[in-house]
């Protein structure tokens, strides 16, 4: 088998551990020099392929590649860009073939969430529909935890840990302040369509009365009366109320609460931020003093408090992707298969890209408590293994040392441009 | 010298390390059983004294006391409550004497920021003005870092570390996303009157182009035009712009931007949150895609990423407070005295409470860069030692194990109530 180069790219919202996957891909590829020549990374995902903006990872030292394992975000740049189908935009695919052929690329590794696996699936059709021989492997990643088949998605476990740790810590704070000051604390977390991340906050509550006392999920339309009664009940019982709210929580009309009409002084609608909306509701209806936090990017970038299980799985999936390609597999995605909750046991399995693309895994109904404001024991059994273990990055001068790669471009061979 | 009981209480906004100070107080007091009988903690600060709501810390195990060192927030409850002067409200002081006398309290340790040291100072006048013999020691604590004389305030170093780590991590995230998505990220941090916390974000920027690219301090009125030009410049030069904004930043009319007029659908002014105000400004004037985070309580509760130096100093100050009392000192507060920046060298000193009360330490002008959007090397030399070292709490089931004390009340001896 002739030596071919490989293309690897990161796509969609980045995570605390997507670079651990990159580390797994690059370290494993370097072990297969008989089949894989160079690994070219796409600068900003698939856009790097379309614009022939490739990064030659062979210039990166062994130390730099190793350091990717503890570095958050996307070392090669990510993108939000979805390919159309071959039928809709053949030119895109012709361009990919042109670039891949020019750089002798025979392997395609695409690391992302649902949209990205759709892209990977479409690219995998190049061989069949357009006659360009390409081994195409998707690699899962998304804090949203909404990819099907896999036990969980790399990136999610670390966000879950961040949210559970944060609401536990803030809960201790509010409990201290409640007598004379703040009685309600609201932490807004990601999850526009599924409540996985908010649900993970529930792990912090190990005993009755532990924070968070309420979780607002996008799956459950907010019943204001019921919610306010629960807030007051928590304040009555425990002296305070700690709430985790998903950014995607909706009102009974199905509208995002975050878009429910905050306006600035000029009358512009304020974009984003459901926490202040909930806070205002509590203030105006219950008159309770509140504080609110919006974790936003901090939660998915928080490599300093990453889950060790998450880091290990992220790495293992990158490694598996290369090994799949080496063993002749194609148009598949490695996944995590769970065989036991406690102790957590898992191994790597696979699924066809065709089956992954455009399927969203939502929270099962039996993961949500009957009143809609918490998680069930079943949910806890699912989530708990995913936040196990710490995997601290190295520190220097009091700060985590994250690697910045050289990211040296591959000299262009084509004299054509491609408009994105 | 007769054995007397001691009173210890926590006051004001809590921190990640105020319990480390409590640990220092309690462990040291237990070494002086010849002079100190029991340590009674005030439930919710001075309110616990006024209402005779005392906690008997002798019921807490050695392990529980030790665990306070790694537990955030105020284990005995804190309060926001300022005593009036003896002249203005003599009844309060008579009540304190009544409670202290009933419980044979001869030592008073009050752990807090500026307002709390004012309270400690007033209580220290009990001996002199009202003839009740009491040894009174203040112990510094405040994330605001605004107490005078001391090199820094326990709690600040850990918030500083949290903010620097967070903006570094979020900066990596935004850099990954900038080509096709978010170009500006805004992190709102605490600091209503002084920019210490926001300034600490600047530690993350070690090289030109590193995030944060801009810091908005309460000391500098926001010049919109200049600010927007800087944001655009950063996006042009680095592809993105990461901003740390202090909650206390003001407009040129001296008004808090956070109060500048966001209204909800009912026309109520939205309270708090300068980050969305800045985000809206950037969106409307520059048309750049943004994300924003508000760290709020997460920053000061983040024991999981506490500064080791901060933990050590917090403990040392609690220990010193008891040793001061044992050596006959009175009406003083232990402080940190710095003798060298690098390597950081410090020891414990002292200052009279009379000199501390109601003095606020602001950021020196030469700590702020000429353009007003960053910190100087001098500021960096001051801040850097304070975030050194990690001091991770123990974990179980993927979560930090923070102690909840039994907090068993001391049986009341008085049959009178006191209205707060």
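Rule-based calculations on the coordinates, nothing more; no lab input. The structure presented is a predicted model; accordingly, all values stated were derived computationally and were not measured. Ideal geometry is used to build each Cβ from the backbone, glycine not excepted, and the neighbour counts take in all protein chains shown.
With a Förster radius of 56 Å applied to the beta-carbon distance between residue B:63 and residue B:236, the computed FRET efficiency rounds to 0.50.
In chain A, the DSSP beta bridges split such that about 35 percent are antiparallel, to the nearest 5.
Looking at region B:156-301, the DSSP beta bridges with both ends there are about 10 percent antiparallel. Label-point spacing at residue B:84 relative to the other copies reads 7.6 nm, in ascending order, each point sitting 7 Å out from Cα along Cα→Cβ.
Inter-copy label distances for residue A:327: 6.9 nm (label point placed 7 Å from Cα along Cα→Cβ; shortest first).
Could you identify which residue out of A:388, A:401, A:313 has the top mean-square fluctuation in a GNM of chain A using Cα springs shorter than 10 Å? Fluctuation is largest for A:401.
The label point for residue B:251 and the one for residue B:284, both projected 7 Å from the Cα toward the Cβ, are 0.9 nm apart.
Computing FRET efficiency as 1/(1 + (r/R0)^6) for residue B:101 and residue A:338, where r is the C-beta to C-beta distance and R0 is 51 Å, gives about 0.20. Taking the fewest neighbouring Cβ atoms within 10 Å as the starting point, the ordered list for A:122, B:4, B:406 is B:406, B:4, A:122.
Between rounded, prolate and oblate, where does region A:324-367 land on the alpha carbon gyration tensor, with a ≥ b ≥ c its root eigenvalues, rounded for a/c under 1.5, else prolate if a/b exceeds b/c? Taking the square roots of the gyration eigenvalues as a ≥ b ≥ c, region A:324-367 is oblate.
Per residue of peptide B:187-195, the mean number of Cβ atoms on other chains within 10 Å of the residue Cβ is 1. With the simple model of a label 7 Å out from the Cα in the direction of the Cβ, residue B:94 to residue B:420 spans 2.2 nm.
Were the residues from residue A:226 through residue A:365 laid out at 0.36 nm apart, the gain over their Cα-Cα distance would be 48.1 nm. Ordering of B:180-189, B:15-24 by packing is B:15-24, B:180-189, highest average first (other Cβ atoms within 10 Å, averaged per residue). Note on the protein assembly as shown: antiparallel DSSP beta bridges, both residues inside, total approximately 40 percent of the bridges counted.
As a proxy for reagent exposure, ranking B:326, A:177 by other Cβ atoms within 10 Å from fewest up yields B:326, A:177. If R0 is 35 Å, the Cβ-Cβ spacing of residue B:355 and residue B:381 corresponds to a FRET efficiency of close to 0.85. When only alpha carbons are used to place a centre, region A:35-95 and region B:10-52 end up 57 Å from one another. Each other copy places its own label point for residue A:3 at 8.1 nm from this one, sorted shortest first, where the point lies 7 Å along the Cα-to-beta carbon line. Spatial offset of region A:331-352 relative to region B:369-394 amounts to 43 Å, using the alpha carbon center of each.
Relative contact order of chain B: 23 percent, from C-alpha pairs under 8 Å at least 6 residues apart in sequence. Contact order for region B:156-301, expressed relative to its length and based on alpha carbon pairs under 8 Å spaced 6+ residues apart, stands at 30 percent. For the segment A:154-167, counting C-beta atoms of other chains within 10 Å of every residue's C-beta and taking the mean gives 2. Averaged over the residues of B:396-404, the number of partner chain Cβ atoms lying within 10 Å of the residue Cβ comes to 6. Highest mobility in the GNM of chain A, judged by mean-square fluctuation with C-alpha springs under 10 Å and restricted to A:210, A:53, A:366, is found for A:366. Ellipticity at 222 nm from helices only: DSSP H runs of n ≥ 4 in chain B, each -39500 (n - 2.57), divided by the residue count, give -10500 deg cm²/dmol. What does the C-alpha gyration tensor say about the overall shape of the protein assembly as shown? Classify as rounded when a/c is under 1.5, otherwise prolate if a/b is larger than b/c, or oblate. Prolate. Highest mobility in the GNM of chain B, judged by mean-square fluctuation with C-alpha springs under 10 Å and restricted to B:240, B:315, B:344, is found for B:344. Taking other C-beta atoms within 10 angstrom as a stand-in for reagent exposure, A:234, A:176, A:158 fall in the order A:234, A:176, A:158, fewest first.
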